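Here's a structure for you.
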Amino acid sequence: MSGISFVLNLARGALSAQQLGIAVTAHNIANVNTPGYTRQRANFENLTSDTNSRIKLGYGVVVDSVSQYYDRFITQNLQQKESVLGETETKKSTLTYIQNLFNDQAGNGLSQVLSEFWNGWQDLANNPSGIPERTALLQKAEALTERFHTIRSDLTRVQNEVGNSLGASLNDLNKWTGLVAELNQKIVSSESIGTAANDLRDQRNELLKKISGLIEGNSFENGDGSVTFVTTNGLLLVDRAQSWKLSQNGSDIYWNEVPTDVSDRLQGGKIGGLLDLRDETLPQYVANLDELAGSIIEQVNVHHLTGYNLSGETGKNFFEPLPDPLNYSGAAAFIRLSSDVKDKPEAIAAAEANSPGPPPSPLPGDNRNALKIISIQTDATLSIKKWTYADRGVTLPPASMTLSLDDYYRTLVGDIGVLTEGTLQQYDFTKTLVDNLNDVRDSISGVNLDEELTKLMEMQMAYKAAAKLVTISDELYTTILQMR
């Protein structure tokens, strides 16, 4: 085929193809700031002749398809690293807050009030009959108990906030997995008739990225274009057009309403980080704080019970005894002055009995019992338990440590510091890795305005040239019509 009509058909096809190419470029430019958008391109293809004539002329151009600049390997790596980033970011913020609760340099921890408490006993030992020293000791003891209460209350509040955040994260996960299932259905429906669902795929990839930030898992594409997402430990959350929910029932997490706790099968991401904090980290620090408070209560009371106050009385507790002397759980919230000494400075037992038999009045200047209580601070022979929680709430047998109360507290603070610092380092490393992967993805899939404007000008010139063909064809027709 040849002739003016043939040229017009070529021009028409070229105009249509360049219009579609300009539309794709405009779509790229419009989505330059859209999160997760993947740059698209119009794939031009020349139409060849199917005649057997000696001279074969092509039939022009057509846009065969619109494809994406997409790298599956980079995308999947990003999703996996988002899971680690979500976990470490969650732990980082919570552990930093816990560390600040014990920040002795800022005056938030127990070190200062503990030191003041022991100094109060030392002042009393220097003047065992002095009411001002006794009154100051009671005030310092009150300050110590209040600090224990504050830290214990803050840790409990963090536990509650972690639980609330876990519930909100599960709701987000259920919403996003449901949306992925819906997009699966739309993508399969669209691509089954040969229409590329590029924008729907971008939306799905962005949702999978968010899901990976919540929970560690793997996604893979099925032959029909849908995806399946399954957690690392085998919980199916999305498969084609179907999704399964995770629900919270008390401290248990159910899959698809099946009344079996699957918390230990949820790893990584924000949800995994929250579960680690809820079931391991926070219970461990609460238990060790209670152990410290309980040890102080028991050790001080043991000596105070055998001492004598200014009235010659003995058998008085300094702190309120624990309901169960063998169980220190809740001791940091329980610790308080006993009714024996509260608001009664003269009732503090600073003296020691100096002879057997009926209790005599304490000797003037007797400070021997106060000195015994002071020695608790540095007594390295005390046996104190250190608690460890692992495997999502499993309480390991406590390790019995022989050290002083001061050393135990320093060990507690040191453990928090080491864990927090390790988490911060892991977060920084993962964040850098994710940023680098995002840069690589952007270099492949991101919209570059300079490139798009260059393409736009190229297709604009091609469009003008195709329009010129129409003008020339019209002039040729006019010339023929004017022939006589």
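Nothing in this text is a laboratory measurement; each read-out follows from the coordinates by a stated rule. Predicted model only: the values in this text are computed from it and were never measured. Positions of Cβ are generated from backbone atoms using ideal geometry, with glycine treated the same way; all protein chains shown enter the neighbour counts.
Quick one: if you take sqrt(5λ) for each eigenvalue of the C-alpha gyration tensor of segment 37-173, what semi-axes come out, biggest first, whole angstrom? Write down the numbers at each step before the final one.
Working: eigenvalues 1209, 37, 14 Å².
Taking √(5λ) for each Cα gyration eigenvalue gives 78, 14, 8 Å.
Please name which of T395, L183, I376 has its Cα lying farthest along the dipole of the chain towards the positive end, using unit charges on Cβ (Lys, Arg +1; Asp, Glu -1) and the Cα centre as origin.
Sorting the options by dipole projection puts first L183.
Would you kindly work out the equivalent ellipsoid of segment 256-383 from its C-alpha gyration tensor and give its semi-axes, the square roots of five times the eigenvalues, largest first in whole Å?
Numbers: eigenvalues 413, 39, 24 Å².
So the equivalent ellipsoid measures 45, 14, 11 Å along its semi-axes.
Another one. Mind ranking 137-146, 256-265, 276-285 by how tightly packed they are, going by the mean number of other C-beta atoms within 10 angstrom, highest first?
Values: 137-146: 19.1, 256-265: 13.0, 276-285: 20.8.
Listed from highest to lowest mean packing, they are 276-285, 137-146, 256-265.
Over all Cα pairs of segment 201-334, how is the pair count split among 10 Å bins, expressed in % and running from 0 up to the last occupied bin?
Computed distribution, short to long bins: 11, 26, 18, 14, 12, 10, 6, 3, 1.
Give, rounded to the nearest 20 debye, the magnitude of the charge dipole that segment 2-105 has about its Cα centre when Lys and Arg contribute +1 at Cβ and Asp and Glu contribute -1 at Cβ. Show your work: numbers first, answer last.
Numbers: 9 positive and 8 negative charges, 86 e Å.
Computed charge dipole of segment 2-105: roughly 420 debye.
So, one more: Could you work out the relative contact order of the chain, using alpha carbon pairs under 8 angstrom and six or more residues apart, expressed as a whole percent?
Contact order relative to length: 21 percent.
Something else: Within segment 191-212, what residues put their amide N at less than 18 Å from the label point 7 Å along the Cα-to-Cβ vector of E45?
The answer is 191-198, whose backbone nitrogens lie closer than 18 Å to the label point.
Next question, about the same structure. About the Cα centre of the chain, what is the dipole size in debye to 20, counting +1 per Lys and Arg Cβ and -1 per Asp and Glu Cβ, all else neutral?
The dipole magnitude comes to about 1600 debye.
If packing is taken as the mean number of other Cβ atoms within 10 Å per residue, what is the order of 234-240, 247-253, highest first?
234-240, 247-253
Taking only the alpha-carbon positions of segment 1-96 and ignoring solvent, what does the Debye formula give for the base-10 log of I(q)/I(0) at q = 0.23 Å⁻¹?
Here the Debye-derived log intensity ratios amount to -1.13.
What residue among S219, T135, T150 has its Cα farthest toward the positive end of the dipole of segment 131-222, where the charges are +1 on Lys, Arg and -1 on Asp, Glu, each on the Cβ?
Positive-end residue among those listed: T135.
Given charges of +1 on the Cβ of Lys and Arg and -1 on the Cβ of Asp and Glu, with all other atoms neutral, how large is the dipole of segment 27-183 about its Cα centre, in debye to the nearest 20?
560
What is the order of F220, F319, F117, fewest Cβ neighbours within 10 Å to most? Walk me through the numbers before you get to the answer.
Working: F220 9, F319 25, F117 21.
Ordered from fewest to most neighbouring Cβ atoms within 10 Å, F220, F319, F117 come out as F220, F117, F319.
With a 10 Å Cβ neighbour count serving as the proxy for reagent exposure, in which order, fewest first, do E458, E82 appear?
In order of increasing Cβ crowding within 10 Å: E458, E82.
So for each of 302-311, 125-134 I average, over its residues, the number of other beta carbons within 10 Å; can you give me the resulting order with the highest mean first?
My ranking of the peptides, most packed first, is 302-311, 125-134.
Let me ask something additional. Please list, ordered by chain and number, the residues whose modelled amide H lies under 5 Å from the amide H of N103; skip anything fewer than 5 residues away on the same chain.
N108, G109
Would you calculate the volume per residue, in Å³, of the smallest convex hull containing every Cα atom of segment 372-432?
So the per-residue Cα hull volume is 93 Å³.
Could I ask something else about it? In whole angstrom, and with the biggest value first, how far do the Cα coordinates of segment 208-248 range along each principal axis?
33, 18, 17
Then there is this: Over segment 29-85, what relative contact order in percent results from Cα pairs under 8 Å that are six or more residues apart?
Relative contact order for segment 29-85 comes out at 34 percent.
Residue by residue through segment 137-152, which ³J(HN,Hα) values in whole Hz follow from phi under the Karplus form 6.51 cos²θ - 1.76 cosθ + 1.60 (θ = phi - 60°), with glycine and proline marked x?
Karplus-based 3J(HN,Hα) across segment 137-152 equals 4, 4, 5, 5, 5, 4, 4, 5, 5, 5, 5, 4, 4, 5, 5, 5 Hz.
Give the long-range amide H neighbours of T34: residues separated by 5 or more places, or on another chain, with amide H under 5 Å away, using H modelled in the peptide plane at 1.01 Å from N.
none
With axes computed from alpha carbons, what is the tilt in degrees of helix 449-481 against the longest principal axis of the chain, rounded to the nearest 10 within 0 to 90?
With both axes taken from Cα atoms, the answer is about 20 degrees.
Considering the dipole of segment 276-325 built from charges on the beta carbon (Lys and Arg +1, Asp and Glu -1) around the Cα centre, which of I296, G312, L322 is farthest to its positive end?
Sorting the options by dipole projection puts first G312.
Dividing the convex hull volume of the alpha carbon atoms of segment 383-484 by its residue count, what do you get in Å³ per residue?
In segment 383-484, the Cα hull volume divided by residue count equals 139 Å³.
Can you list the HN-Hα couplings for segment 33-43, worked out from phi with the Karplus curve (6.51, -1.76, 1.60; θ = phi - 60°), rounded to whole Hz and with x for Gly and Pro?
With the stated coefficients, segment 33-43 comes to 10, 7, x, x, 6, 10, 4, 10, 9, 8, 8 Hz.
With no solvent and one equal point scatterer per Cα, compute the Debye intensity ratio I(q)/I(0) for the chain at 0.07, 0.09, 0.12 Å⁻¹ and report its log10, rounded to two decimals.
Values, matching the q order: -0.60, -0.79, -1.05.
Summing Lys, Arg as +1 and Asp, Glu as -1, what charge do residues with Cβ under 15 Å from the Cβ of Q425 carry, Q425 excluded?
Counting the neighbours of Q425, the net charge comes to -1.
Using only DSSP helix segments of four residues or longer, with each worth -39500 (n - 2.57), what per-residue ellipticity at 222 nm results for the chain after dividing by its residue count and rounding to 500?
That comes out to -19500 deg cm²/dmol.
Another question, then. Amide H neighbours of I253 under 5 Å, at least 5 residues apart or on other chains, H built in the peptide plane: list them.
Long-range HN contacts for I253: V262, S263.
Angle check, please: helix 72-101 long axis (alpha carbons) against the longest principal axis of the chain (alpha carbons), in degrees 0 to 90, nearest 10.
20
Angle between the Cα long axis of helix 282-306 and the longest principal axis of the chain, 0 to 90 degrees, nearest 10?
The answer is roughly 10 degrees.
Next question. In the structure displayed, which of K140/K386; K270/K385; K92/K210; K344/K385; K342/K386 lie more than 28 Å apart, Cα to Cα? Write down the numbers at each step before the final one.
On the way: K140/K386 26 Å; K270/K385 31 Å; K92/K210 19 Å; K344/K385 33 Å; K342/K386 31 Å.
Cα-Cα > 28 Å for K270/K385; K344/K385; K342/K386; rest within.
A125: net charge of surrounding residues, Cβ under 12 Å, Lys/Arg +1, Asp/Glu -1, itself excluded?
Taking every other residue near A125 into account, the sum is -1.
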